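Below: one structure, written as structure tokens.
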Amino acid sequence: MIQFAFSSELPESDILVSLGGGVLSLLREDFVELLPRTRISTRIIEMACLCKTLEERSCGRSGGLSWFFPPSVSDRANHCNEEQFMAKMRSYKILERYCISELLYCSKIHVPIFNLTLNHFYLAVFNMEAKEIEIWDSIRGT
């Protein structure tokens with residue numbers, strides 16, 4: 001399986017993984033970014049967010065749910081005002097695609113954020129019940 005996914009002899013455009021009824025697909029070229037000392041792509045992180053979202057939805061709980069937004073949410077938030085941001089979220093159907101329940105019933109919101117300076121992703125976790133924001137970062141002191 002690993003040789004198949006990372007084969008340089010097969011087309012890079014082959015779809016290896018597809019989730020959410022074709023909402024997101026990963027190509028062979030995306031898997032190359034999982035190799036050591038390679039920056040992980042936004043598409044890989046979006047797939048992980050979608051997997052976690054589908055997992056939460058399958059639990060069927062009415063409370064204590066977590067939302068897992070894709071990195072594109074933080075990217076868009078950095079480049080516009082609040083009104084433009086909400087318009088973009090509606091146009092990209094982010095709320096329908098990624099939200100699991102109404103905000104009142106959500107316990108945590110996870111948002112991956114890319115740091116351009118360090119060429120590195122970190123995770124902002126909004127703990128709605130405790131009214132706290134945690135930053136999860138694998139690089140110490142950033």
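The values are calculated or read from the model by the stated rules, or taken from the named source; none is laboratory data. All of these numbers come straight from a predicted model, not from anything done at the bench. With ideal geometry, Cβ positions are generated from the backbone for all residues, glycine too; neighbour counts draw on all protein chains shown. Each accessible area value is taken on the protein alone, full model and side chains, heavy atoms only, with ligands, DNA and RNA left out. Shrake-Rupley method; radii C 1.70, N 1.55, O 1.52, S 1.80 Å.
Pairing each residue of region 37-61 that is closer than 15 Å to PHE114 by Cα with any residue that is small (Gly, Ala, Ser), provided the two are 6+ apart or on different chains, yields C-beta distances under 9 Å for THR42/SER72; ARG43/SER25; GLU46/SER72. Whether any residue in region 129-142 is exposed (fewer than 15 other Cβ atoms within 10 Å of the Cβ), modelled with pLDDT under 65 and of a type in the set (Ser, Thr, Tyr) is what I want to check. Checked region 129-142: at least one residue is exposed (fewer than 15 other Cβ atoms within 10 Å of the Cβ), modelled with pLDDT under 65 and of a type in the set (Ser, Thr, Tyr).
Of all residues in region 4-39, those that are modelled with pLDDT of 80 or more, open to solvent by less than 40 Å² (accessible area, probe 1.4 Å) and either closer than 26 Å to THR53 by Cα or in contact with a Lys or Arg (Cβ under 6 Å, 6 or more places away or on another chain) (or both) total 7.
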